[in-house]
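Trainee: Mind looking over this structure? Questions follow.
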Amino acid sequence: MDFDSLIQKLSTAGIESPRLEARLLKENASDEKKLEQMLQARLKHQPLDKILGRKEFYKYTFKVNADVLSPRPDTETLVEAAAKLIEQNKIKNILELGVGSGCILLSLLADFPNLKGKGIDRSASALKIAAENAKCLGVESRCSLQEADWFDEAFINQIGGGFEMVVSNPPYIPHHEIETLETEVKKYDPWLALDGGLDGLESYRRIADLAPKLVKDGGFLLLEAGVHQAADIIKIICSKGLQHFKTEKDLSGIERCIIFQKRGCNL
Ligand code: GLN
């Protein structure tokens with residue numbers, strides 16, 4: 001198929017960057033038949049990264065599939081904020097709640113060769129992708145991955161506590177809003193990674209209960225927030241003991257990453 005008709009088809013289907021995507025489809029298709037298959041998937045609004053099987057995020061490339069949330073550029077805000085704190089405070093261990101593809105945890109492990117990490121997820125199939133990504137980035141010896149659900153009573157017993165840093169991009173979309181999201185998200189991202197319950201804040205309430213045990217004195221908790229959620233999240237987390245440290249905005253000016261500290265002695 002020639003380049004112009006590829007662009008035309010993508011554009012007619014309402015794909016935002018038809019030229020860029022046409023080029024990527026062409027470059028990644030082994031032959032015409034494969035190109036046609038990939039195009040048909042994209043015209044059904046399967047996200048490009050899931051068609052290609054990989055996504056560029058922060059400084060690295062991650063394998064993705066239907067079992068994981070596609071890494072979003074907005075989430076780089078959290079990774080950058082975490083990297084700064086790890087460097088300034090010489091942080092040596094980190095826990096990620098809801099590791100998914102691993103894009104947050106594994107980026108940090110790849111950046112800091114002395115850092116050790118644990119990633120938990122309630123999805124065993126997501127953990128498989130995270131494990132593959134850990135291998136590709138050469139950080140698997142410093143990364144332990146565990147199936148666990150933070151809503152379980154036994155969670156702290158399973159995971160332990162005393163982490164110098166805890167990070168999470170929990171599901172935060174209010175349940176009834178998922179249907180209103182674009183097809184790329186509502187049909188192709190796992191709902192487990194999106195559904196934040198009635199008001200979108202259910203996971204933050206649970207994390208607020210767990211945080212004083214999970215985070216070591218002087219340690220940090222970094223949470224991604226959805227649009228307009230920052231104030232509520234700060235209230236929820238601070239009511240259970242940690243203190244608000246800083247809020248970082250993403251490139252669109254949205255308060256995207258909220259940082260808390262468990263004050264006590266220094267790390
Ligand atoms: N950032 C994702 C979106 O808006 C949601 C991810 C999440 O719930 N943590 O589509």
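The values are calculated or read from the model by the stated rules, or taken from the named source; none is laboratory data. Remember, it's a predicted structure, so these values are computed and weren't measured experimentally. Positions of Cβ are generated from backbone atoms using ideal geometry, with glycine treated the same way; all protein chains shown enter the neighbour counts. The protein model used for the area step is the full one, side chains on, heavy atoms only, and it has no ligands, DNA or RNA in it. Shrake-Rupley method; radii C 1.70, N 1.55, O 1.52, S 1.80 Å.
Trainee: Assigning unit charges at the beta carbon (Lys, Arg +1; Asp, Glu -1) and nothing else, what dipole magnitude in debye, to the nearest 20, does the chain show about its Cα centre?
Mentor: Its charge dipole is roughly 740 debye.
Trainee: Using 26 Å as the Cα-Cα cut-off, could you pick out the over-long pairs in 33/186; 128/187; 55/187; 92/135; 9/55?
Mentor: In this structure, 33/186 lie more than 26 Å apart at Cα.
Trainee: Over what distance in Å are the Cα centres of the stretch 62-98 and the stretch 104-124 separated?
Mentor: 8
Trainee: Applying 1/(1 + (r/R0)^6) with R0 = 45 Å to the Cβ-Cβ distance of residue 84 and residue 154, what FRET efficiency is obtained, to the nearest 0.05?
Mentor: Taking R0 as 45 Å, the efficiency between residue 84 and residue 154 is 0.85.
Trainee: Same structure again: Over the alpha-carbon set of the chain, work out the extent along each principal axis and list the three values in angstrom, largest first.
Mentor: Principal-axis extents of the Cα atoms in the chain, largest first: 64, 40, 33 Å.
Trainee: Rounded to a whole number, what % of the accessible area of the chain do carbon and sulfur atoms account for, probe 1.4 Å?
Mentor: With neighbouring chains kept in place, the figure for the chain is 50 percent.
Trainee: Could you name the aspartates and glutamates in cross-link range of residue 116, using Cα to Cα under 16 Å and dropping any fewer than eight places away on the same chain?
Mentor: 87, 96, 140, 164
Trainee: Mind telling me which of 214, 78, 24 comes out most flexible in a GNM of the chain, alpha-carbon contacts under 10 Å?
Mentor: Maximum fluctuation in the GNM of the chain, among the listed residues, is at 24.
Trainee: Summing +1 for each Lys or Arg and -1 for each Asp or Glu, what net charge is found among the other residues whose Cβ lies under 10 Å from the Cβ of residue 122?
Mentor: Neighbourhood net charge equals -4.
Trainee: Also, I was wondering about something else. Which cross-chain or sequence-distant (5 or more) residues have an amide H under 5 Å from the amide H of residue 263, H modelled 1.01 Å from N in plane?
Mentor: Counting only residues 5 or more places away or on other chains, the set is 218, 243.
Trainee: A follow-up question, please. Quick one: divide the alpha-carbon radius of gyration of the stretch 99-235 by 2.2 N^0.38 Å and tell me what you get.
Mentor: So the Cα radius of gyration is 1.07 times the expected 2.2 N^0.38 Å.
Trainee: Same structure, new question: With a ≥ b ≥ c the root eigenvalues of the C-alpha gyration tensor of the stretch 25-79, is it rounded (a/c under 1.5), prolate (a/b larger than b/c) or oblate?
Mentor: Prolate shape, in that a/c is at least 1.5 and a/b is the bigger ratio.
Trainee: Compute the accessible area per residue over the stretch 4-161, keeping the other protein chains in place, probe 1.4 Å, unit Å².
Mentor: Heavy-atom accessible area per residue stands at 49 Å².
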